[in-house]
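Chemist: Quick one: structure below, then a few questions.
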Amino acid sequence: MKTCDVDFAIVFPPTRYTLDNDLLTTEQRQFYEENGFLVIKNLVSHKDIDEFREVFEKVCKKELTAPGMVVMRDVAIAKSEYVPDQKAITKVQDFQELPGLFRYCSLPQILKYVECFIGPNIMSMHTMLINKPPDAGKKTSRHPMHQDLHYFPFRPADRIVCAWTAMERIDRSNGCLVVLPGTHKGELKQHDYPEWEGGVNKMYHGVRDYDPNIPRVHLTMEKGDTVFFHPILIHGSGMNKTAGFRKAISCHYASSDCDYIDVKGTTQENIEKEVIELALKRYGLESEIALKDAWMAKGRVVQGERNNL
Ligand SMILES: CCCC(=O)SCCNC(=O)CCNC(=O)[C@H](O)C(C)(C)COP(=O)(O)OP(=O)(O)OC[C@H]1O[C@@H](n2cnc3c(N)ncnc32)[C@H](O)[C@@H]1OP(=O)(O)O
Ligand SMILES: Nc1ncnc2c1ncn2[C@@H]1O[C@H](COP(=O)(O)OP(=O)(O)OP(=O)(O)O)[C@@H](O)[C@H]1O
Ligand SMILES: O=C(O)CCC(=O)C(=O)O
Ligand SMILES: [Fe+2]
Ligand SMILES: [Mg+2]
């Protein structure tokens with residue numbers, strides 16, 4: 001049901017994190033404004049998810065690959081000998097050139113929601129399929145509490161949103177997302193590697209000084225449920241205590257009207273340094289110009305026009 005614009009203006013407090021739209025209910029809009037995330041049940045069909053799973057399995061078996069795609073193993077087994085198929089793989093990142101997975105980022109039902117947060121000119125900037133392995137006993141399957149904006153050299157933050165879809169039932173037993181509601185209203189914080197005895201995955205930086213009194217909310221989700229969340233929202237994910245590989249697929253979108261920023265002298269300098277070192281190792285890229293170029297090269301317009309990014 002569409003709310004009349006006049007009524008809307010009267011009943012609704014000022015908005016910052018959402019844009020005027022015909023899709024979100026007043027309650028949903030208020031929820032995102034207040035909490036920085038919104039779960040939409042059953043948004044992606046089981047058929048689509050099963051297809052993404054098949055493509056992922058082919059990637060693990062090296063039957064499929066694509067330029068720029070990063071296939072990452074869990075730190076607990078990174079130095080062990082070859083482990084076949086998906087048992088080795090913790091995450092596939094940057095699959096913008098792999099149509100069988102990238103189709104997720106263009107699903108019209110997802111883009112309809114994304115537009116409510118960032119407007120009509122939508123670019124996919126960062127893509128991941130996370131295959132959280134059964135914990136090898138060192139708790140390395142956890143993802144420390146963090147803010148995704150730490151990784152992104154573009155602004156404004158309010159015109160960036162993540163869509164994260166559960167590819168199966170995900171709850172506390174296999175390591176669901178854990179969020180600190182309302183933290184999207186804060187600032188981007190200093191991130192460092194957590195001091196975990198068992199080791200920590202490459203680039204899994206965490207926030208050290210978040211307020212321990214903010215209640216943690218564990219998001220239990222069914223296959224196909226999708227959460228949209230703000231890049232300053234503090235979140236992480238727990239340990240996978242099951243024998244299965246917990247799967248989720250995600251895309252970070254930004255408005256193409258965002259601008260690149262220079263992260264020199266900011267808390268983001270440490271991640272920039274790691275990214276540059278890696279790029280140097282992998283592609284022989286050197287300057288920070290190249291860092292911006294790398295984002296420009298992996299960003300894809302999925303709706304509207306390409307402006308700044
Ligand atoms: C909103 C965004 C949030 C995020 O994305 S957070 C996480 C972002 N993380 C990333 O972007 C990291 C992506 N991963 C990668 O780039 C690669 O997988 C990585 C870690 C460089 C490994 O590259 P590979 O090509 O697989 O190289 P390799 O097997 O020959 O190993 C090279 C050296 O890396 C080490 N390694 C591999 N996987 C690791 C892991 N998971 N954690 C920590 N270290 C890891 C490996 O032991 C090896 O080390 P060494 O050189 O022998 O000392
Ligand atoms: N001791 C810890 N130090 C820092 N971060 C932690 C610690 N324990 C958990 N976390 C982080 O907090 C978030 C949620 O953890 P949570 O406690 O829900 O999961 P868990 O410890 O793996 O399992 P459990 O459900 O048994 O508590 C995750 O991001 C996790 O990485
Ligand atoms: O465990 C997950 O799927 C969440 C990962 C995450 O937050 C991230 O990669 O930024
Ligand atoms: Fe994240
Ligand atoms: Mg715990």
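Chemist: With the crude spin-label approximation of a point 7 Å out along Cα→Cβ, what separation in nm comes out for residue 281 versus residue 192?
Modeler: Roughly 2.2 nm, to one decimal.
Chemist: Would you kindly derive the ³J(HN,Hα) couplings of segment 36-42 from the backbone phi angles with the Karplus curve 6.51 cos²θ - 1.76 cosθ + 1.60 (θ = phi - 60°), listing them in order in whole Hz, with x for Gly and Pro?
Modeler: x, 8, 8, 9, 10, 6, 6
Chemist: Apply the Karplus parameterisation 6.51 cos²θ - 1.76 cosθ + 1.60, with θ equal to phi minus 60°, to every residue of segment 26-34 and state each ³J(HN,Hα) to the nearest whole Hz, in sequence, with x for glycine and proline.
Modeler: 4, 5, 5, 5, 5, 4, 5, 4, 7
Chemist: Treating only the Cα positions of segment 164-276 as identical point scatterers, give the base-10 log of I(q)/I(0) from the Debye formula at each q in 0.10, 0.12, 0.19 Å⁻¹.
Modeler: Values, matching the q order: -0.36, -0.53, -1.29.
Chemist: Holding the Cα-Cα limit at 20 Å, pick out from 61/132; 91/223; 47/223; 41/91; 91/247; 189/273 the pairs that are longer than that.
Modeler: Working: 61/132 17 Å; 91/223 18 Å; 47/223 11 Å; 41/91 24 Å; 91/247 9 Å; 189/273 17 Å.
Too far apart for the 20 Å limit: 41/91.
Chemist: Taking 0.36 nm per residue of sequence separation and subtracting the Cα-Cα distance, how much length would be gained by fully extending the chain between residue 112 and residue 269, in nm to one decimal? Please list the in-between numbers first.
Modeler: Numbers: separation 157, 0.36 × 157 = 56.52 nm, distance 3.39 nm.
Working it through step by step, the gained length comes to 53.1 nm.
Chemist: Once phi is turned into θ = phi - 60°, what whole-Hz ³J(HN,Hα) does the Karplus curve with 6.51, -1.76 and 1.60 give for every residue of segment 300-309, x standing for Gly and Pro?
Modeler: Coupling constants for segment 300-309: 9, 6, 10, 7, x, 10, 8, 9, 8, 6 Hz.
Chemist: Still on this structure: At 7 Å along Cα-to-Cβ for each site, give me the label-to-label distance between residue 242 and residue 307 in nm.
Modeler: About 4.2 nm, to one decimal.
Chemist: Starting from the amide H of residue 246, placed 1.01 Å from N in the peptide plane, find each other amide H under 5 Å away whose residue is 5 or more places distant or on another chain.
Modeler: Residues meeting the criterion, in which the H sits 1.01 Å from N, are 132.
Chemist: Put a dot 7 Å past each Cα toward the Cβ at residue 220 and residue 138; how far apart are the dots in nm?
Modeler: Modelled inter-label distance: 3.2 nm.
Chemist: Using amide H atoms built in the peptide plane, which far-off residues or other-chain residues are under 5 Å from residue 303 H to H?
Modeler: Close amide H contacts, sequence-distant or interchain: 122.
Chemist: Could I ask something else about it? Please work out the C-alpha center-to-center distance from segment 145-179 to segment 191-242 and express it in whole Å.
Modeler: 8
Chemist: Pull out a ≥ b ≥ c, the square roots of the eigenvalues of the alpha-carbon gyration tensor of segment 17-61, then state rounded if a/c is under 1.5, prolate if not and a/b is larger than b/c, and oblate in the remaining case.
Modeler: Verdict is prolate for segment 17-61.
Chemist: For every helix of n ≥ 4 consecutive DSSP H residues, a contribution of -39,500 (n - 2.57) applies; sum these over the chain, divide by its total residues, and give [θ] at 222 nm rounded to the nearest 500 deg cm²/dmol.
Modeler: On the way: 7 runs with 73 residues, N = 309.
Helix-only estimate at 222 nm: -7000 deg cm²/dmol.
Chemist: Something else now. Determine the shape class of the chain: with a ≥ b ≥ c the square roots of the Cα gyration tensor eigenvalues, call it rounded for a/c under 1.5, and otherwise prolate if a/b is greater than b/c, oblate otherwise. Please report the intermediate quantities before stating the final value.
Modeler: Numbers: a/c = 1.39, a/b = 1.30, b/c = 1.07.
Here the chain falls in the rounded category.
No lab work stands behind these numbers, since they all come straight from the coordinates. Since this is a predicted model, take the numbers as computed values, not measurements. Here the Cβ is made from the backbone with ideal geometry for all residues, glycine too, and neighbour counts use every protein chain on show.
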